[in-house]
1. With the condition kept exactly as written, say whether any residue in region 19-41 is part of a strand (DSSP E or B), modelled with pLDDT of 75 or more and of a type in the set (Asp, Glu).
2. Could you grab the pairs with beta carbons closer than 8 Å, sequence gap of 6+ or different chains, first residue in region 56-73 and under 18 Å from PRO26 (Cα atoms), second one β-branched (Val, Ile, Thr) and part of a helix (DSSP H, G or I)?
3. Looking at region 84-123, which of its residues are aromatic (Phe, Trp, Tyr) and at pLDDT 90 or above?
4. Could you please find all residues in region 95-123 being of a type in the set (S, T, N, Q) and surrounded by 13 or more Cβ atoms within 10 Å (Cβ to Cβ)?
5. Of the numbered conditions (1) of a type in the set (A, V, I, L, M); (2) out of contact with any helix residue (DSSP H, G or I) (no Cβ under 8 Å at 6 or more places or on another chain); (3) modelled with pLDDT of 85 or more; (4) part of a loop (DSSP other than H, G, I, E, B), LEU73 satisfies every one except a single condition; which is it?
6. If PHE16 satisfies every condition in (1) modelled with pLDDT under 85; (2) outside any strand (DSSP E or B); (3) in contact with a Leu (Cβ under 7 Å, 6 or more places away or on another chain) but one, which is the exception?
7. Residues of region 96-123 being in a strand (DSSP E or B) and under 16 Å from ALA59 (Cα atoms), which ones?
8. Tally time: how many residues in region 65-94 are on the phi < 0 side of the Ramachandran plot and either exposed (fewer than 12 other Cβ atoms within 10 Å of the Cβ) or of a type in the set (A, V, I, L, M) (or both)?
Amino acid sequence: MGNFILILNYDVDAVFSWHSEINCEPNACRLKIYWISWEKALVIATEITNHPGRKMHHAIQEIIEFAQNFYDLAPNKMMMLEHYKKANSSQEDTYFQVLVFGDEVIRYEIEKSSLIQLLGKTI
């Protein structure tokens, strides 16, 4: 039997929208899913609504649940990131790895260069 190479080149680029219960404004984020392997994925949620206050931050558990359910991702097979753009330059963008333990959400800042190294391509 011959050798086979699995090439995963189908990434997801979608918009997730929700209504905030806090201020009743519509909000949206861009979800980009990069497949690391056949069953592991890196999910980056980028705030696209032009409202101050990081509203995506408050809805991250719902965004994670959506990504898991809609794209059939197991929680332990998904790395979730929040991405906040700076107005001036993409070099100054901020990325946070998001970890959820029950009702507790923990965020760790992660460098863009580390993400590029993990994926083997630009984001």
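The values are calculated or read from the model by the stated rules, or taken from the named source; none is laboratory data. Since the model is a prediction, treat every value here as computed from it, not as a measurement. Quick reminder, even Gly has a Cβ in these numbers, built from the backbone with ideal geometry, and neighbours come from all protein chains shown.
1. Scanning region 19-41 turns up no residue that is part of a strand (DSSP E or B), modelled with pLDDT of 75 or more and of a type in the set (Asp, Glu).
2. Correct list of pairs: MET56/ILE63.
3. TYR95, PHE96, TYR108, listed by residue number.
4. Hit for region 95-123 is GLN97, nothing else.
5. (2)
6. PHE16 satisfies every listed condition except (2).
7. Selection gives PHE96, GLN97, VAL98, LEU99, VAL100, PHE101, GLU104, VAL105, ILE106, ARG107.
8. Of the residues in that region, 17 qualify.
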